[in-house]
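Novice: After the C-alpha cells below, expect a handful of questions from me.
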Amino acid sequence: MKPILECQGLSKRYSSSFYALNNLNLALEKGQIVGLLGPNGSGKTTLIKLINDCLHPTQGTILIDGMEPGVATKKLISYLPERTCLDLSMKVKDVIAYYADFYENFVTERAYQMLQDLEINPNARLKSLSKGTKEKVQLILIMSRDAKLYILDEPIGGVDPAARDYILHTILNNYNEEATILLSTHLIQDIENILDRVVFIRQGQVVLNQTVDEIRTQHGKSVDSLFREVFRC
Amino acid sequence: MLGKLLKYDMKSLNRFLIVLHTFLLLSALGIRIFLTGRIFADNTAEGTILGLSFLLYILVITAANFGTFIVIAVRFYKNLYSDEGYLTHTLPATKGAHLLSKTISGTIWGTLDMILMGLSIYIVVATPFVMDVYHAHRAEILTEFGFIGRYADLTFPKILLFLLIFSIICAFSSCITIYASVVLGQLFSGHRILGAVVSYFAISTIVSILSFISLAVLGLSTSKDLIYMRSAAGEPFNFVAYMAGVLGLSTLLALIVGIILYILTYVLMNQKIDLA
C-alpha cells in the first residue's frame, strides 16, 4: 500500500552550520494516529512545515500520497499550525465560510455542531475570544474537513484539561478510519491512549518509529516513560 | 481559485480603503463648500486663505495616497508572511495565484485611489468662479498650454483615457515594487520588515536614476524650459507636448520595471521564501 507520507533523505538547514532536519527518513501508512514526539528544537515543527509547503527543503524529497507538496496535496492535508493563523478581524461564521469556500472537503454542518457543543458564538469576532477559545475554533475548522492526513502541531497545548478531553474526543470522532493523524505534542500522557504509533525525533533524525503496542511489549514501558528515558537531560 | 482569492483580498482592502477615500471626498467637499467655493482670490487675505486651504488639501490627498499603499503593503505582508501565512500558504492555490490575486486587487485600489484623487481635486478646484474664468478664456488657456498643431484635436475623453492607462500601469508598478520589497525582506535572516523597507528604498533609488537618465537622453529633463515657458532657442514651450513625453516615458518605464519585479517576486516566492 502506498504510504500517506514518505520522507527520504530530508534535510533543512537554517544557517551554514545548523540543520533542523538532517537526512530524515520516514514513512507512515494510512489509517493510524501517529504521535510525533521529541524535545524542544528536535525538528518536529520544521518537519511539519516542510510537509505543508511552508518551508523549502535543503535536500531530500517529501511525498504525500505519492505527490510532492503542492496544490493537490493541500487538498488532502488538514493542518493545524502551532500558532493562530486566522485573520482575527473576522467573525467565527466568516472563517467557516472562508474554509467552506476554499476546501471542497469542508463540512459546514459539522463545524456548526462543534461550535454549539463548545458554546462558541458564531457571531463573535475572533479577536474578542480568549486564546484557548481561538485554539478550539482552529481545531474545529481543521477537524471539519474530510482530509486524508491531519497534521496537528501542539493541538492541546493552550487549553484547559476539560477542553483537552473534548478536543481529543473530537479528534477521535471526526476522522475516518482511512485517514491518518500526525500529532505533535509535549503532553504525552494526555494523548498516549489514542495513539497507534509513535515517532521519536532528535536533532533532526528519527530515533524510534514503533507502534504503541510494540513499545509496551518490547520495552515494557508506557510511551511517556520511554520518552523520559530516551530524552533524559 | 483565483476568483476566490481575489474576493477575499478585495474584501480586506475595501474595509479600510472605502473609509479612507470617503474621508478624502468629504474633505474635498468640505474645502469646496467652506473655503474655495466662497473665495474669489481678489484680495490678499482671501488669497492667503486659499493658499492655506490648498496646503491642507495637499496634505489630505498625500495622506490618502500614502495610506492606500500602506494598506496594500500590510495586506500582502500580513496575509502571506505573518502567522496568517500558515493558512494562506496551505490553501489549495499556487503561489503564482496568490501573487496575481494581490497584484490585481492592489492595482484596482491603486487606480481607484488616483481616480478618486482626481475627482477630489476637481471638486476643490472647479468652483463656479474658476469655471467662469476658464470658459471666458478657454481658447487662450488651451493655446497657452499647447493644445495647438498636432495636439489641437486632443479631446477631453482622449486625455482621460490616457490618464487612466497611465494610472493603471503606475498602480501596478507601485504595488509590485512593494511586493518585491516585502519578498526581498524575507530573504534576511532577521529584521525582515526592516529588510523590506531597505529593499523598497533601494529599488526606488535605482528606478529614479534610470528614469532621470531616460528623461535626460530624450531631452525632457531640463527644468528651465518649464520655468521660463520658453525653450533655449526661443521657440514657444509646449506644455502638452512636454507632459505627453514625460508621462509616456514614465508609463513605459513603470511597465518595464513592473514586469521585471513581478517575475523576480514570482521566482523568489516559489523557490526561496520560508515562513518564519
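The values are calculated or read from the model by the stated rules, or taken from the named source; none is laboratory data. Predicted, not measured: the structure shown is a model, and the values here were computed from it. Don't worry about glycine lacking a Cβ; one is built from the backbone with ideal geometry, like all the others, and counts go over all protein chains shown. Accessible surface areas use protein heavy atoms only, side chains included; no ligands, DNA or RNA. Shrake-Rupley method; radii C 1.70, N 1.55, O 1.52, S 1.80 Å.
Novice: What is the packing order of peptides B:240-250, A:133-143, taking the mean over residues of other C-beta atoms within 10 Å and listing the highest first?
Specialist: Ranked by mean Cβ neighbours within 10 Å, highest first: A:133-143, B:240-250.
Novice: Then there is this: For chain A, just say rounded, prolate or oblate: build the C-alpha gyration tensor, square-root its eigenvalues into a ≥ b ≥ c, call rounded for a/c under 1.5, and beyond that prolate if a/b exceeds b/c, oblate if not.
Specialist: Prolate, since a/c reaches 1.5 and a/b exceeds b/c.
Novice: Now for a different question. Within 10 Å of each Cβ of A:92-99, how many other protein chain Cβ atoms are there on average?
Specialist: So the per-residue partner count for this stretch is 1.
Novice: Moving to a separate point now. Would you mind working out the accessible area per residue for the stretch A:60-210, using a 1.4 Å probe, and quoting it in Å²?
Specialist: Solvent-accessible surface per residue comes out at 42 Å².
Novice: May I ask you to derive the relative contact order of the stretch B:125-203, considering only C-alpha pairs under 8 Å and at least 6 residues apart, and to give it as an integer percent?
Specialist: After rounding, I find 16 percent.
Novice: Among A:54-66, A:108-120, B:124-136, what's the highest-first ranking by average C-beta atoms within 10 angstrom per residue?
Specialist: Final packing ranking: A:54-66, A:108-120, B:124-136.
Novice: Then there is this: How much net charge surrounds A:ASN121 when only the other residues with a Cβ under 15 Å from the Cβ of A:ASN121 are counted, with Lys and Arg +1 and Asp and Glu -1?
Specialist: Net charge around A:ASN121: +3.
Novice: Which distance in Å, rounded to a whole number, links the C-alpha centroids of the stretch B:53-94 and the stretch B:109-178?
Specialist: 26
Novice: I want to check the label-to-label distance for B:PHE54 and A:LEU172. Put each point 7 Å from Cα in the C-beta direction and report it in nm to one decimal.
Specialist: In this crude label model, B:PHE54 to A:LEU172 measures out at 7.7 nm.
Novice: Let me ask something else about it. For the pair A:ALA100/B:LYS158, report the inter-label distance in nm, with labels modelled 7 Å from Cα in the Cβ direction.
Specialist: The answer from the label model is 5.4 nm.
Novice: While we're here: Mean residue ellipticity at 222 nm from the helices of chain B, using -39,500 (n - 2.57) per DSSP H segment of n ≥ 4 over the full residue count, to the nearest 500 deg cm²/dmol?
Specialist: So the calculated ellipticity at 222 nm is -27500 deg cm²/dmol.
Novice: In degrees, nearest 10, range 0 to 90: what is the angle between the Cα axis of helix A:131-143 and the longest Cα principal axis of chain A?
Specialist: 80
Novice: With a 1.4 Å probe and every protein chain left in place, work out the accessible area per residue of chain B in Å², rounded to a whole number.
Specialist: For chain B, the per-residue accessible area is 54 Å².
Novice: On to the next question. In Å² (nearest 100), what accessible area is buried between B and A, both sides summed, heavy protein atoms only, 1.4 Å probe?
Specialist: That pair of chains buries around 2400 Å² in total.
Novice: Which percent, to the nearest 5, of DSSP beta bridges fully inside chain A are antiparallel?
Specialist: Roughly 55 percent of the beta bridges in chain A run antiparallel, per DSSP.
Novice: Using a probe of 1.4 angstrom, how much of the accessible area of the protein assembly as shown is carbon and sulfur, in percent?
Specialist: Of the solvent-accessible surface of the protein assembly as shown, carbon and sulfur hold 63 percent.
Novice: If you don't mind, there's one more thing I want to ask. From other protein chains only, count the Cβ atoms within 10 Å of every residue's Cβ in B:158-171, then give the mean.
Specialist: Across the residues of B:158-171, the mean count of other-chain Cβ atoms within 10 Å is 0.
Novice: Here's a follow-up. Tell me the relative contact order for chain B as a rounded percent, counting alpha carbon contacts under 8 Å between residues six or more apart.
Specialist: Normalised by residue count, the contact order of chain B is 23 percent.
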